[in-house]
Structure formats: C-alpha cells, structure tokens
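Read the figures in this text as sums done on the coordinates, not as results from a lab. Given the structure is predicted, the values throughout are model-derived calculations rather than measurements. FYI the Cβ positions are ideal-geometry reconstructions off the backbone, even for glycines, and counts take in every protein chain you see.
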Amino acid sequence: MSAVSHSAFGSDRFGQLAERAARFFGTPRYIIGQSLAVVAWVILNSLAITGAIAWDRYPFIALNLAFSLQAAYAAPLILLAQTRQADRDKAGAEREAAHSEAMAKAHTRLLAQIDDRLDLDTAGGLADLKDYIDKRLGGDGQPDQPR
C-alpha cells in the first residue's frame, strides 16, 4: 500500500518534487549555471561569422521562448511550494497554540491549588492567632492583669 497522501494540489509526491524544484531555482548553482548557459548561447550565436553554427540569431527568439517556458513551469511550482510551507507553518502554529493553552490551563490550576492551600494555612493560622490572643486576654476578651 502506498503512503502517498493527496491534497488539493494532487499527490504529496508531486508537492515534494515542486518544493525540491523551487528550492533549486533559488540556489547559486542554478543561477550561475543558467547565467553561463545564457552567456554561451549569446556568444555562440553572435560570433558565428559564417552562420553555420548560429541556431538563434539576434534577438534570440529561441532563448526568449526557453525563458518563457521555464517561467511558465517555475512560477506555479514555486507558488505550490510556498502554499505547502504555509500549510505546514499554520499546522505548527496551531499545535504550538494548543500546547500554550494547555500549559496556561495547567498553570492556572496550579495557582488555584496554591491559593486554596494558602487560604487554608492562613485560616488555620488565624485560628491559632485568635486562640493565642484569647489566652493572652484571659478568655474573657479583657487583657490579663499584671501580677
């Protein structure tokens, strides 16, 4: 059974290939390689004295056609890769928000438990303080007389 999932953009394998292509289009290797190919194309077609090897004379219509064809495929692949990355970012942000919310709830519960415990300790401490004061006052609410 295949582990290839399907999304609104087709198979996941196609999306992965689109991302790989989009990453490659932005590399120095690609930019330098394309620049060298264009320079070689122009030189070979411009310097042909006899015209025997010039397959695309100035204004380089075939070169323009090649760039147009490349752009027609590259732009949608790059957009697809960006959309897939945005979907991954959104899913990650949702997971992070859920985790933060769970941590905040746990923190709130812990603070409530601490507050309850402090209230009990304080209430117990107040009762002890009242007993102490009552003893000092002689139990009748009047201060003890010095002896």
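Values for this structure:
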| item | result |
| --- | --- |
| Contour minus Cα-Cα distance for Ala97 and Lys135 (0.36 nm per residue) | 8.1 nm |
| Label-point gap, in nm, between Arg29 and Lys105 - each point 7 angstrom along Cα→Cβ | 4.7 nm |
